[in-house]
Ligand SMILES: *Cc1c(COP(=O)(O)O)cnc(C)c1O
């Protein structure tokens, strides 16, 4: 027996799968998925229990590694990414921990973009470095650097595109080619675009990583994460680690994320359209020095981004105001609608000063080298009225310009 799926047409498209894929309704016929808050599952007899524990029969056993809400979330995300299988985790970082634990051992080497999420760098360099995993950090955009960094023991290439806050875009297909030539795997962190805009598997990625905390939930409620990969890799590499290490996704959080994915495509398209409009408006504002947004023709990788991201720039942008920290703080503190926080992927617009928050642990020299200046502001654009958002930002910007 394998766990049944809803009866959907084989050619059902992304928006349909996002709403309908998962598990069939229970015997009670609920239309919205039930929440299965149970730590374990009951078996009809001891023989069946033994078969299920030995993996000879598919069934839910124990929520550290199997639960209906987690399965619904995993099936929905795999369908959206166009990948065969998925495993849910308690957070995005939990997904990366599971990935590294499952695929690396002492003596292995990883090549990683130097512009990925800060905790990813820390986990790889400090924690896995301690266990004898070697890592090289290379340019987000220069494929030659990735090629040069390849060693005989290179097992993984890890990329994130676009990056945060500078929205630098890497060429997924080119990196997949480098990985495969080296006999390694390419992992793509797809948090910033989500599968509504970008499916890395189409460009050769082997594994796609998610923080469900961002656009998948989309309403800033829970922490969650996931890895999408082949069925063989999920079953034989990831599930055994999950069983023993337990970086599990809670059933309730899985339910939230699965419900969030139902509106993913609509939200991403609406939030991205608003972001493009804001990016154009900011680019024309006299108080703004520079705007970072892949949807603008002025973005250095605009064409590549449009090819990889379904012609859409996404819902995160950054901009530099004229002046420095004082001027940036003036704009941030002038807002009444935006949330001053360090997150994105929420229906509420979030405004961030990267140099003093998300990138506050770097030295000023490291920040300067990375282009994260004191006058930089990041916006995770939500679903508020666009004119209200412009007015919210104009309050501080107009003061700088006058
Ligand atoms: C937030 C984030 C993560 C980590 O996810 P958590 O759910 O916060 O653990 C990883 N990568 C990117 C790009 C992120 O934005």
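Please treat every number below as a calculation from the coordinates, not as lab data. In this text the structure is predicted, and so the values were computed from the model without any measurement. All Cβ positions, even for glycine, are placed from backbone atoms using ideal geometry, and neighbour counts span all protein chains on display.
Using only the alpha-carbon atoms, how far is helix 251-261 inclined from the longest principal axis of the chain? Give it as 0 to 90 degrees, nearest 10. Between helix and principal axis, roughly 60 degrees. Note on segment 358-401: percent of Cα-Cα distances in each 10 Å bin, starting at 0 and stopping at the bin with the largest distance, equals 21, 37, 30, 11. Counting only alpha carbon atoms, the long axis of helix 264-283 and the longest principal axis of the chain meet at about 10°.
As a rough footprinting exposure proxy, the listed residues 325, 367 were ranked by other beta carbons within 10 Å of their own, and the order from fewest upward is 325, 367. Note on residue 310 and residue 365: the model spin-label points, each 7 Å out from Cα along the C-beta direction, lie 4.4 nm apart.
Across segment 37-166, Cα-Cα pairs more than 22 Å apart make up 53 percent of the total.
Taking every DSSP helix (H) stretch of at least 4 residues in the chain, weighting each as -39,500 (n - 2.57) and dividing the sum by the residue count yields a mean residue ellipticity at 222 nm of -10500 deg cm²/dmol.
The percentage of C-alpha pairs in segment 219-260 whose separation is greater than 12 Å is 64%. Let me make sure I get this right: for segment 138-260, a, b and c are the square roots of the gyration tensor eigenvalues over alpha carbons, sorted descending. Under 1.5 in a/c it's rounded, otherwise prolate if a/b > b/c, else oblate. Which is it? Judged from the Cα gyration tensor, segment 138-260 comes out oblate (a/c at least 1.5, b/c at or above a/b). Each part gets one Cα centre, and for segment 305-339 versus segment 345-398 those centres are 5 Å apart.
Beta-bridge orientation, the chain: approximately 55 percent antiparallel, per DSSP, counting only bridges with both partners inside.
A Gaussian network model of the chain, with springs between Cα atoms under 10 Å, assigns the largest mean-square fluctuation among 258, 54, 391 to 54.
Counting only DSSP beta bridges whose two residues both lie in segment 264-401, roughly 85 percent are antiparallel. Using a cutoff of 8 angstrom between alpha carbon atoms and counting only pairs six or more residues apart, the relative contact order for the chain works out to 16 percent. Among 288, 257, 35, sorting on how many other beta-carbon atoms sit within 10 Å of each Cβ, with the fewest leading, yields 35, 288, 257. Please rank 353, 285, fewest neighbouring Cβ atoms within 10 Å first, as an exposure proxy. Starting with the residue having the fewest Cβ neighbours, the order is 285, 353. Built from the Cα atoms of segment 264-401, the convex hull projects on average onto 7.9 nm², one quarter of its surface area. Reported to the nearest whole Å, the Cα centre-to-centre distance from segment 240-281 to segment 66-112 is 15. Computed over the alpha carbons of segment 1-76, Rg followed by Dmax gives 13.8, 42 Å. Between 0 and 90 degrees, the angle of helix 386-401 with respect to the longest Cα principal axis of the chain falls at about 40 degrees. Once the gyration tensor of the Cα atoms in segment 14-261 is diagonalised, the equivalent ellipsoid follows with semi-axes of 32, 21, 15 Å, ordered largest first. Averaged over residues, the count of other Cβ atoms within 10 Å places the peptides 17-26, 245-254 in the sequence 245-254, 17-26, highest first.
Between residue 232 and residue 387, the contour length at 0.36 nm per residue exceeds the alpha carbon distance by 50.9 nm.
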